[in-house]
1. When the stretch 1-35 is examined, which residues are found to be part of a loop (DSSP other than H, G, I, E, B), among the polar types (S, T, N, Q) and modelled with pLDDT of 75 or more?
2. (1) within 30 Å of N66 (Cα to Cα); (2) of a type in the set (A, V, I, L, M); (3) modelled with pLDDT under 75: which one isn't true of I38, the others all being true?
3. If you scan the stretch 52-65, which residues turn out to be free of Cβ contacts under 8 Å to residues at least 60 places away in the same chain, in contact with a Leu (Cβ under 9 Å, 6 or more places away or on another chain) and farther than 14 Å from P101 by Cα?
4. Can you pull out the residues in the stretch 40-72 that are hydrophobic (A, V, I, L, M, F, W, C), within 12 Å of I132 (Cβ to Cβ) and part of a helix (DSSP H, G or I)?
5. Scan the stretch 95-128 for residues that are part of a strand (DSSP E or B) and within 13 Å of M56 (Cβ to Cβ) and jot them down.
Amino acid sequence: MIKKISDKDKQDWQDFLNSTDKVENKDQKTSLRPRRYIERSIDLHGYTLEEANQKMTSYIEECFVNGVNKINVITGKGLRSKNLNDPYQSNNLSILKHSVPHFIKSNDQLMNKIVSIDFEAVENPSVGNFDIFLRKKK
């Protein structure tokens, strides 16, 4: 079925083309209140596994209490880790990039404060950091 375009529709289209009014970009208005992140970073370069895990525990607790939404954890890629040459250590869990997220994921007390951990960044060999998204404090 072919529908004819009415004269009114043709006139409306012509008025639109000739108009100098700007058209509102609805794609920019995704929500009335944009989500604002309170973001903090922590650099774990130079920490041992034990020190890094202790530091992350206290840092997550502190950020949660202070209403932080996102933590960027800088671990490095682990390319210069001296543990790579030790056959008695895990290649993954001896490197902070892999061990810190694993430690956090296995800690139920910390996971109760966390919405998600960006494990894609952890698994990406060209990335030396990952994000943790925290829940809102009740």
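The values are calculated or read from the model by the stated rules, or taken from the named source; none is laboratory data. Note that the structure is predicted; figures quoted are calculated from it, not measured. When we count neighbours, we look across all protein chains shown, and the Cβ atoms used for this are built from the backbone with ideal geometry, even at glycine.
1. As a first pass, look at the stretch 1-35 and keep what is part of a loop (DSSP other than H, G, I, E, B): 1-6, 19-25, 29-35.
From what's left, among the polar types (S, T, N, Q): 6, 19-20, 25, 30-31.
Once the filter is applied, which keeps residues that are part of a loop (DSSP other than H, G, I, E, B), among the polar types (S, T, N, Q) and modelled with pLDDT of 75 or more, the stretch 1-35 yields S6, S19, T20.
2. Condition not satisfied by I38: (3).
3. E61, the sole residue that qualifies.
4. M56, I60, C63, F64 - these are the residues of the stretch 40-72 that are hydrophobic (A, V, I, L, M, F, W, C), within 12 Å of I132 (Cβ to Cβ) and part of a helix (DSSP H, G or I).
5. Correct list: I114, I117.
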